[in-house]
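Below you'll find the structure, written out as structure tokens, and then a few comments.
The values are calculated or read from the model by the stated rules, or taken from the named source; none is laboratory data. Everything numeric here is computed off the predicted structure, so don't read it as measured data. Note: ideal-geometry Cβ built from the backbone for every residue, glycine included; neighbour counts use all protein chains shown.
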Number of protein chains: 2
Amino acid sequence: MRIVLDAMGGDVGIEVNMAGAYIASKRLSSEDTIIFVGNETLIEKYLKERYRDFPVRYDIVGSENDVDMHDTPTWALENKKNSSVAKGLQLVKERKADAFFSPGNTGVILAFSLMKIGRIKGVIRPALGFTFPIGKHPLILDLGATPDPKPENLYQFALLGIEYMKVMRGIKNPKVGLLSIGEEDSKGSVIYQKAFELISNDKNINFYGNIEGGDFFTDKVDVIVTDGFTGNIVLKFAEGMINWVKDNLKTSLKPLPLAILGLTLSAPGFLGLPFFYFSIKKFLKKASYDEYGGAPLLGVNGVVLIGHGKSNPKAVSSGIMNAKYLASKNLVENIKRVFERSEGEKD
Amino acid sequence: MRIVLDAMGGDVGIEVNMAGAYIASKRLSSEDTIIFVGNETLIEKYLKERYRDFPVRYDIVGSENDVDMHDTPTWALENKKNSSVAKGLQLVKERKADAFFSPGNTGVILAFSLMKIGRIKGVIRPALGFTFPIGKHPLILDLGATPDPKPENLYQFALLGIEYMKVMRGIKNPKVGLLSIGEEDSKGSVIYQKAFELISNDKNINFYGNIEGGDFFTDKVDVIVTDGFTGNIVLKFAEGMINWVKDNLKTSLKPLPLAILGLTLSAPGFLGLPFFYFSIKKFLKKASYDEYGGAPLLGVNGVVLIGHGKSNPKAVSSGIMNAKYLASKNLVENIKRVFERSEGEKD
């Protein structure tokens, strides 16, 4: 597989991305190619100075005037035509690459994806998905690609989410929940009530029904369907809360490791303490976004994964690996088949 | 002040509510009366057997066929006309009581509030508010009273939230944020963009602008305006997450207190450990809903506070005290003045 890495994306940029690519390169096969898109001089410098033993094939495609994390989509479409985002997605369009990963500006990547590679036939609007790193690790979509959805959009998000979970996690018949404000069928806004009907009527969907905000932490469903407005707010709330919990706990944990080590050495009976310490560390890690490499942009005619702007090298590496995996498992072709089928049924 | 307690509301019901009333009674003054509405025989039994020294005046009003936590609003309006909720709100309507508190079924209380005491003139739809127990403790509203708002509703929620925070927390000029998906003015759904305009145009409002999901944990605003759909999902998500964090930590904390006590006694140098333990305990408490007695139903023509169905006695007691406070500080009259002013400006 040929995976584009937007080497310039993210809050930190090239340093983190090159380090991530290097981690990924050790897990890729000799069939794979990483296509670095970005500042050629800088990329070459990293590859010559730091990663001279880069173990897989790579290409470099130069870009200029790259996308900033604060660029707005409409402005970027006009003014960032030669950016790494634009050029990388152009490669996917021309079938010179199989997948695209960037820890970059979500809105701009969405805009260029629609411009360059477009939607899969039958898909009204794409959706941004995210594997929620707690509970049963459900996929939640949309997270902002479609803030003002119609019921048909929400129905399509269910279809997109199902195919993603089949491919990415090998779940045979993923269970879908519609995020609303009560379990009864009649709950929620008018748009959600109509969406509930549309999803119920599709007998191919394993539909749980409405779920509530607390069900992110239960095992009820594999796919959580929501609109881009609510989804975005919930995700940012979760992130804020995780950071808040971490800040609260880390302050408490700081003086602990040495104390525990000393205690355990002097009094071996207290072996429970390191266990306690590591269980809290494990909890903090579980609630971390670092492990999760990329939110899939579903419904566009190519594999596009978007990482968190604050991605560390490990997250960039996961993003690259996931992009490869989704391309090799034919995610886009699978989605196409589903939408062809549902178009066929309408005729 | 005469405060109605719905003695039958909540998941547990009368036992918790009577215990909560007893805690509150010690903080109320000789001017105050608690009006218990519920099963007369049971209430009298508690007062005779457990709380014989009940230190303030009380009345008992009998009810029958009380509201269940699973009753739907429309069904309850027809079938629960003699319930404690209906009778309690009837007392507020007839000015025989100054405030109403119930740890009960939110939807049913909302429905009976609208039927019995109605809206304040000028208020299109009421909003359910909640003081978020983290960060700067902002008020968030609406949480489900109005799941399908128009821009005018969101604007009015800002007005309602401001008056509540002035009265309840004594904040002179509360800062308002509109919960959306990006700080720029143009972000959010069409309805939110219009609401942004309406709030901006009211020069009496100290408007911060759009805020994001992560801003619950920052100090940006005192009032967070959202629709009942998004607000409800965020609140239930928060609750689910807090419980998840607690479950994760409590498992780790269980064997600790004794171990720490033993260690500290035998090696006084390790005084840091109990400190650590209590700081985590404090964190768990901070993230708890138990301390917060009641979500105000704002925009109805009376003081109505709704507690969590899982309220413990302490939470019931806080609910009663807050209901008294809001009534004594003329919350409803203050809101009336604001809406008269804004009606006047339209003429």
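Quick one: B:T131 ticks every box in (1) at pLDDT below 95; (2) within 14 Å of chain A (Cβ to nearest Cβ) bar one, so which box is it?
Of everything listed in (1) at pLDDT below 95; (2) within 14 Å of chain A (Cβ to nearest Cβ), B:T131 misses just condition (2).
In the stretch A:3-26, what residues are in contact with a strand residue (DSSP E or B) (Cβ under 8 Å, 6 or more places away or on another chain) and of a type in the set (V, I, T)?
A:I3, A:V4, A:I14
A quick yes/no check of all residues on (1) touching a strand residue (DSSP E or B) at 6+ places or on another chain (Cβ under 7 Å); (2) buried (at least 22 other Cβ atoms within 10 Å of the Cβ); (3) not acidic (D, E):
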residue	(1), (2), (3)
A:I34	yes, yes, yes
A:K45	no, no, yes
A:Y51	no, no, yes
A:D59	yes, no, no
A:N65	no, no, yes
A:M69	no, no, yes
A:E78	no, no, no
A:S83	no, yes, yes
A:R95	no, no, yes
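Yes/no per residue for (1) closer than 27 Å to A:S318 by Cα; (2) surrounded by 20 or more Cβ atoms within 10 Å (Cβ to Cβ); (3) among the small types (G, A, S); (4) under 15 Å from the mean Cα position of the chain (by Cα):
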| residue | (1), (2), (3), (4) |
| --- | --- |
| A:P133 | yes, no, no, yes |
| A:P138 | yes, yes, no, yes |
| A:L143 | yes, yes, no, yes |
| A:P149 | no, yes, no, no |
| A:R169 | yes, no, no, yes |
| A:V176 | yes, yes, no, no |
| A:K187 | no, yes, no, no |
| A:V190 | no, no, no, no |
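The rows are residues; the columns are (1) in contact (Cβ under 8 Å) with a residue 60 or more places away in the chain; (2) touching a Pro at 6+ places or on another chain (Cβ under 7 Å); (3) in a helix (DSSP H, G or I).
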| residue | (1), (2), (3) |
| --- | --- |
| B:I191 | no, yes, yes |
| B:E197 | no, no, yes |
| B:F229 | yes, yes, yes |
| B:V234 | yes, no, yes |
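Taking the stated definitions as given, is B:N153 over 25 Å from B:I34 (Cβ atoms), within 14 Å of chain A (Cβ to nearest Cβ) and either modelled with pLDDT of 95 or more or surrounded by fewer than 22 Cβ atoms within 10 Å (Cβ to Cβ) (or both)?
Judged against the criteria, B:N153 is a match.
Got a number for residues in the stretch B:90-125 being assigned to a loop (DSSP other than H, G, I, E, B) and under 29 Å from B:D59 (Cα atoms)?
11
Contact list please: Cβ distance under 6 Å, first residue in the stretch A:1-27 and assigned to a strand (DSSP E or B), second residue of a type in the set (D, E), pairs at least six apart or on different chains.
Matching pairs, first to second residue: A:R2/A:D98.
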